[in-house]
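To start, the structure under review is shown below, and the notes come after it.
The values are calculated or read from the model by the stated rules, or taken from the named source; none is laboratory data. Computed from a predicted model, the values in this text were never measured in an experiment. No Cβ is skipped: glycine too gets one built from the backbone with ideal geometry, and neighbour counts run over all protein chains shown.
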C-alpha cells in the first residue's frame with residue numbers, strides 16, 4: 001500500500017492572533033494555558049498546527065489543507081472571544097504573582113486568595129481525576145497591581161516572629177520547676193499540739209487548769 005505523501009515542511013497557510021495583556025496578565029505560563037485551551041477545542045488532526053510565540057497564537061498548515069485551516073481558524077477566533085475572563089489555574093497564578101505553592105495554599109486557606117470555584121480534569125496517562133481551585137483573573141489582576149503580595153509576606157513574617165516568641169516562652173515555662181505552695185500559717189502552740197499524741201484527752205481531762 002503506497003504511503004501518504006508528506007506535507008511540505010514550510011507552512012503556506014498562516015493566521016495569527018495577538019493575545020491581549022488583560023488575558024495573559026504578563027505571564028508566559030498563562031499564555032501557554034490559553035494555547036492549551038484553544039488546542040483542546042480543535043480536532044485531533046489539527047491540534048499541533050496551533051502554537052504560540054510570546055503572546056501570539058499562530059495557526060500554520062501546509063498548502064492543500066484549506067478546509068481544515070478554515071475550520072480551525074473559526075474555532076480559535078470564536079474561542080478567543082472573552083478569553084480575558086478564562087479562570088486562572090494554580091500554575092498560572094503562581095507565575096503571574098511570583099508566589100510559591102506553599103504561599104498559594106496558605107493564602108487560599110486563610111481567604112486572602114479568593115477561590116472562584118473548582119475544576120476537575122483527568123491528566124493524560126493517569127486514571128484518577130484531580131480537582132483544584134481556579135481564580136478570577138480580574139481579582140488576580142487587582143492583587144498584582146496593588147502589590148498585595150508584599151503586604152501579605154510582611155504579615156506572615158510578623159506572625160512567624162510572634163509564634164516563635166510564644167514557642168520560646170512556653171518552652172521556658174516547661175523548664176521552670178513548679179514552686180511548692182507554702183503551708184498555711186500555724187502558731188507554735190498549734191504546731192506542738194499536732195506533734196503530741198493524746199493531746200485531746202489531755203485537754204479534756206483539764207489537767208492544765
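Results for (1) surrounded by 14 or more Cβ atoms within 10 Å (Cβ to Cβ); (2) more than 35 Å from the chain's Cα centre (by Cα); (3) farther than 24 Å from residue 96 by Cβ, shown as yes or no for each residue.
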site: 22; (1), (2), (3): no, no, no
site: 26; (1), (2), (3): no, no, no
site: 29; (1), (2), (3): yes, no, no
site: 41; (1), (2), (3): no, no, no
site: 59; (1), (2), (3): yes, no, yes
site: 70; (1), (2), (3): no, yes, yes
site: 75; (1), (2), (3): yes, no, yes
site: 78; (1), (2), (3): no, no, yes
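For the structure I just gave you, tell me whether residue 52 is within 14 Å of residue 31 (Cα to Cα) and free of Cβ contacts under 8 Å to residues at least 40 places away in the same chain. Explain how you work it out, then say what you get.
Numbers: within 14 Å of residue 31 (Cα to Cα): yes; free of Cβ contacts under 8 Å to residues at least 40 places away in the same chain: yes.
Yes, satisfied.
Report yes if residue 126 is assigned by TED's automatic domain parsing to the domain that holds residue 16 and without any contact (Cβ under 8 Å) to a residue 12 or more places away in the chain, otherwise no.
Numbers: assigned by TED's automatic domain parsing to the domain that holds residue 16: no; without any contact (Cβ under 8 Å) to a residue 12 or more places away in the chain: yes.
Answer is no for this residue.
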Yes or no: the stretch 4-19 includes at least one residue that is part of a helix (DSSP H, G or I), loosely packed, with under 13 Cβ neighbours inside 10 Å and modelled with pLDDT of 95 or more.
no
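Tell me yes or no: at least one residue of the stretch 156-172 is under 16 Å from the mean Cα position of the chain (by Cα), within 27 Å of residue 85 (Cβ to Cβ) and modelled with pLDDT of 90 or more. Talk me through it step by step, then tell me what you get.
Taking the stretch 156-172 first, the residues under 16 Å from the mean Cα position of the chain (by Cα) are 156.
Still in the running and within 27 Å of residue 85 (Cβ to Cβ): none.
The answer is no, given that none of the residues of the stretch 156-172 is under 16 Å from the mean Cα position of the chain (by Cα), within 27 Å of residue 85 (Cβ to Cβ) and modelled with pLDDT of 90 or more.
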Determine whether residue 43 is in contact (Cβ under 8 Å) with a residue 60 or more places away in the chain and over 22 Å from residue 133 (Cα atoms).
no
Using the structure shown, decide if residue 80 is over 30 Å from residue 42 (Cα atoms) and touching a residue at least 60 places away in the same chain (Cβ under 8 Å).
no
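Being outside the structural domain of residue 26 (by TED's automatic domain parsing), in contact (Cβ under 8 Å) with a residue 12 or more places away in the chain, assigned to a helix (DSSP H, G or I) and crowded, with 16+ Cβ neighbours inside 10 Å: is that true of residue 113 here?
Numbers: outside the structural domain of residue 26 (by TED's automatic domain parsing): yes; in contact (Cβ under 8 Å) with a residue 12 or more places away in the chain: yes; assigned to a helix (DSSP H, G or I): no; crowded, with 16+ Cβ neighbours inside 10 Å: yes.
Against the criterion (outside the structural domain of residue 26 (by TED's automatic domain parsing), in contact (Cβ under 8 Å) with a residue 12 or more places away in the chain, assigned to a helix (DSSP H, G or I) and crowded, with 16+ Cβ neighbours inside 10 Å), residue 113 does not qualify.
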